[in-house]
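The values are calculated or read from the model by the stated rules, or taken from the named source; none is laboratory data. Computed from a predicted structure; not experimentally measured. We place every Cβ from the backbone using ideal geometry, glycine too, and count neighbours over all the protein chains shown. Each accessible area value is taken on the protein alone, full model and side chains, heavy atoms only, with ligands, DNA and RNA left out. Shrake-Rupley method; radii C 1.70, N 1.55, O 1.52, S 1.80 Å.
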Amino acid sequence: MAAERKVGPNRGETMLRFILSRLVMALPTIALVSVTVFALIRFIPGDPAALMLGDMAQPEQIAEMRTELGLDKSMPQQFLIWAGNVLQGDFGRSIVNDEAVLPLVVSRFLVSAEIVVVAVLLASLVAVPAGVIAAWRQNSLTDLALVGTATVLLSIPTFWLGLLLLLFFGLKLGWLPVLGYVSIRDDLAGGMLYLVLPIMTLVIHEAGVLIRMARASTLEVLRLDYITHARAKGLSEGAVLWRHAFKNAFGPTWTMIGLILGNLLGGIAVIETVFTIPGLGRLMVDSIFARDYPVIQGCLLFVSLSYVLVNLVVDLLYPLFDPRVVAE
Amino acid sequence: MKKFTFNGLIGGILIAILLLSAALGLVWTPFDPMKLSFTARLAAPGADHLLGTDEFGRDVLSRLMVGARASVWIGALTVGFATICGTLIGLVSGYARGWVDGVIMAVNNALLAFPGILLALGLLAVFGANQYGIIFALGIAYTPSMARVVRGAVLSLREREFIEASRVMGNGELYTMVRHILPNCLAPITVLATSMFGWAILSESALSFLGLGVPPPAPTWGNMLAAGRPFVEQAVWLGLFPGLCIALTLLGINLLGDALRDKLDPRMRGLK
């Protein structure tokens with residue numbers, strides 16, 4: 001028995017190799033994303049030092065900024081200076097109010113993140129079982145109704161849906177606040193009232209996407225031989241569906257959940273505009289209006305790196321649902 | 001199978017209505033979409049103004065028709081840009097392989113590592129928030145997905161016998177690529193371009209809603225919603241109709257896209 005065990009690499013070792021390989025694979029992405037964010041701002045016509053200081057800057061300040069950014073040096077050197085500052089947490093200062101960019105971005109990020117995370121969690125809880133049931137009853141009336149609803153839901157733009165919900169629950173019924181925002185950190189019960197509608201909007205929209213995804217991947221699995229075998233063994237439909245089919249079908253949906261999480265962080269600006277929430281998306285849009293380039297750059301970098309990170313975590317947790325990926 | 005062709009038909013009809021109203025809006029609208037009228041401010045939908053008027057007394061139906069034109073135009077240019085650039089990049093990358101492929105795909109993957117709308121927002125900061133800024137920003141943001149799909153198709157095609165045969169017959173690389181590989185990539189390109197048209201229309205209206213798109217007074221569905229927002233309590237139609245237009249258009253594109261994918265993508269056959 002002991003000799004047999006030594007045949008393949010042991011489980012722990014394969015797992016470690018899997019985790020390390022995913023971490024190493026993320027490094028070039030992180031580097032390239034940083035280069036892209038750096039280059040994007042450098043593409044804006046005009047003197048980068050003047051852009052970073054705004055219209056009110058004095059010539060001495062601009063000269064000082066030029067040396068600080070290393071504009072007399074080569075592009076790669078400029079990038080290294082910038083990357084070095086970023087690594088030390090120095091994202092520059094806002095042109096508009098001279099606030100340090102990183103703390104500003106982080107505080108706004110937390111506001112957006114609580115909405116997005118809760119919404120994606122609730123949407124998954126509703127949509128994944130719905131998608132699996134639709135696949136199980138393929139082409140039945142239930143399936144048609146679920147897929148039809150999902151397709152309609154994902155066609156409704158979030159900002160319009162938000163507006164309609166606001167109109168109905170806020171203005172017509174008067175149940176929920178229409179304007180303003182109170183943080184749940186200041187007033188838990190009061191703050192939650194402001195989050196109900198934005199979260200509801202996102203849940204309705206993302207449920208549409210997830211129902212279709214969960215249905216498609218479950219259908220793919222349900223046609224496989226081992227499902228027929230499980231049924232032939234006399235297992236109940238519930239056991240076949242949840243213990244056998246679902247376990248294998250959840251992988252793609254899990255990846256999709258990660259992608260949605262990241263996409264929402266990037267696309268939440270419209271929701272924050274409808275519901276007047278001071279989140280990261282609103283900060284980015286306001287900064288574009290104000291040409292506040294240090295803040296724009298900070299938001300871009302922060303969100304894209306969180307997106308990479310979320311997808312990395314999703315990847316690392318993937319073996320929980322499908323251990324086969326570790327072996328590859 | 002039958003009912004999904006039915007869905008495709010509904011999608012086709014919705015898109016046909018969109019294109020027809022956009023085309024009609026070029027030559028005729030019930031009222032001048034820009035004409036202010038202070039006597040007809042916030043008039044409810046009725047016999048005179050079918051879908052009511054806005055806060056400046058402008059006819060909502062006329063503005064929606066002109067807005068349809070803006071959506072179709074911006075959507076089509078964006079998709080055209082992303083499809084042409086993405087296809088070229090994907091063809092070169094997949095056919096050349098080696099270090100060329102490595103470099104192109106590294107840049108491509110870095111761009112794909114951004115959520116699409118975020119990259120578009122960043123690019124808008126560079127190009128400036130206007131109609132052409134949107135087309136370039138969205139076009140560049142969508143190019144990497146097209147490049148990846150085309151490259152994947154090329155990589156699997158180039159190992160097939162008929163490509164080998166074309167090479168053995170002495171056809172040049174460029175000829176083989178254009179005559180034999182490209183036509184076989186058209187199915188995945190069409191499927192992706194259809195969904196892209198939907199993404200582009202949605203993103204354009206979202207950006208216009210944020211005030212980063214086509215500036216008023218030129219009407220787009222997005223900026224009409226944004227402008228009507230303060231008045232929705234008295235004039236519910238201002239919040240209703242532009243959003244309904246966007247939703248029906250997206251529904252049409254989604255239904256049509258599903259039908260196209262079922263028809264063109266053999267891997268999806270029987271699944272839906």
Peptide-level mean, for A:157-168, of C-beta atoms on other protein chains within 10 Å: 6
Using only Cα atoms and rounding to the nearest 10 degrees, what angle (0 to 90) does helix A:11-42 make with the longest principal axis of chain A? 40 degrees
Which value in nm describes the separation of the simple spin-label points at A:Ile81 and A:Leu173, placed 7 Å from the Cα toward the beta carbon? 5.7 nm
I need the calculated FRET efficiency for the pair A:Arg291 and A:Tyr226, taking r as the beta carbon distance and R₀ as 56 Å, to the nearest 0.05. 0.45
Net charge near A:Leu241: determine it from the other residues with C-beta under 12 Å of the C-beta of A:Leu241, scoring Lys and Arg +1 and Asp and Glu -1. +3
So, with +1 on the Cβ of K and R and -1 on the Cβ of D and E, and no other charges, what is the size of the charge dipole of the stretch B:1-73 about its Cα centre, to the nearest 20 debye? 320 debye
Out of A:His244, A:His205, A:His229, a Gaussian network model of chain A with alpha-carbon springs under 10 Å gives the largest mean-square fluctuation to A:His229
Can you give the extra length, in nm with one decimal, that the chain gains between B:Leu264 and B:Arg179 once fully stretched, where that is 0.36 nm per residue apart less the Cα-Cα distance? 28.6 nm
Can you work out the FRET efficiency for the pair B:Leu42 and B:Ile17, with r the C-beta to C-beta distance and R0 = 22 Å, to the nearest 0.05? 0.25
Name the residues whose placed amide hydrogens come within less than 5 Å of the amide hydrogen of B:Phe56, ignoring near sequence neighbours (fewer than 5 apart) on the same chain. B:Leu42
Just the number please: accessible area per residue for the protein assembly as shown, 1.4 Å probe, all protein chains included, in Å². 47 Å²
How many angstrom lie between the C-alpha centres of the stretch A:181-203 and the stretch B:5-52? 37 Å
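What do you reckon, how do A:Phe289, A:Phe38 stack up by accessible area (1.4 Å probe), largest on top? Show your work: numbers first, answer last.
Details: A:Phe289 105, A:Phe38 15 Å².
Final ranking, largest accessible area leading: A:Phe289, A:Phe38.
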When the Karplus curve 6.51 cos²θ - 1.76 cosθ + 1.60 is applied with θ = phi - 60°, which whole-Hz ³J(HN,Hα) does each residue of the stretch B:99-105 get, with x for Gly and Pro? 5, 4, 4, x, 5, 4, 6
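Where does chain B land at 222 nm, in deg cm²/dmol rounded to the nearest 500, when only DSSP H runs of n ≥ 4 count, each adding -39500 (n - 2.57), divided by all residues? It would help to have the intermediate numbers written out before the result.
Values: 10 runs with 195 residues, N = 272.
When only DSSP H runs of four or more count, the value is -24500 deg cm²/dmol.
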Can you compute 3J(HN,Hα) from phi for each residue in the stretch A:91-107, using the Karplus curve 6.51 cos²θ - 1.76 cosθ + 1.60 with θ = phi - 60°, rounded to whole Hz and x for Gly and Pro? 9, x, 10, 5, 5, 6, 10, 6, 6, 5, 5, 4, x, 4, 4, 5, 5
As an exercise, use a Förster radius of 30 Å and the Cβ-Cβ distance of B:Val103 and B:Thr190 to find the FRET efficiency, rounded to the nearest 0.05. 0.60
Taking chain B as a Gaussian network, Cα atoms linked when under 10 Å apart, which of B:Ile201, B:Ile181, B:Ile246 shows the biggest mean-square fluctuation? B:Ile181
For peptide A:262-268, what's the mean number of Cβ atoms from other chains within 10 Å of each residue's Cβ? 5
Classify chain A: rounded, prolate or oblate, from the alpha-carbon gyration tensor (a ≥ b ≥ c, eigenvalue square roots; a/c under 1.5 rounded; otherwise prolate if a/b is larger than b/c)? oblate
Could you tell me the distance between the Cα centroids of the stretch A:22-65 and the stretch A:73-104, to the nearest Å? 7 Å
Taking the dipole of the protein assembly as shown about the Cα centre (Lys, Arg +1; Asp, Glu -1; charges at Cβ), the one of A:Thr36, A:Val118, A:Ser140 that reaches farthest to the positive side is A:Ser140
Return the sequence-ordered ³J(HN,Hα) values of the stretch B:75-90 in whole Hz as given by the Karplus equation 6.51 cos²θ - 1.76 cosθ + 1.60 applied to θ = phi - 60°, using x for Gly and Pro. x, 5, 5, 4, 5, x, 4, 5, 5, 5, 5, x, 5, 4, 4, x
Cα long-axis angle, helix B:131-157 against chain B (0 to 90 degrees, to the nearest 10): 30 degrees
Starting from the eigenvalues of the Cα gyration tensor, five times each then square-rooted, give me the equivalent ellipsoid semi-axes of the protein assembly as shown, largest first, whole Å. 38, 33, 28
Given charges at beta-carbon only (K, R positive; D, E negative), |dipole| of the stretch A:101-291 in Debye: 380 debye
Contour minus end-to-end for A:Glu237 and A:Leu141, with contour as 0.36 nm per residue of separation and end-to-end as the Cα-Cα distance? 32.7 nm
Can you give the extra length, in nm with one decimal, that the chain gains between B:Tyr132 and B:Ala96 once fully stretched, where that is 0.36 nm per residue apart less the Cα-Cα distance? 9.7 nm
In a GNM of chain A with a 10 Å cut-off on Cα contacts, which of A:Ala249, A:Ala290, A:Ala214 has the highest mean-square fluctuation? A:Ala290
The helix B:236-264 Cα axis meets the longest alpha-carbon principal axis of chain B at an angle in degrees, between 0 and 90 and rounded to 10, of 20 degrees
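How large is the helix-only mean residue ellipticity at 222 nm for chain A, computed as the sum of -39500 (n - 2.57) over DSSP H runs with n ≥ 4, divided by its residue count, in deg cm²/dmol to the nearest 500?
-24000 deg cm²/dmol
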Cα gyration tensor, the stretch A:101-291 - rounded (a/c under 1.5), prolate or oblate: prolate
Placing each pseudo-label 7 Å from Cα in the direction of the beta carbon, A:Val313 and A:Glu99 end up separated by a distance in nanometres of 2.4 nm
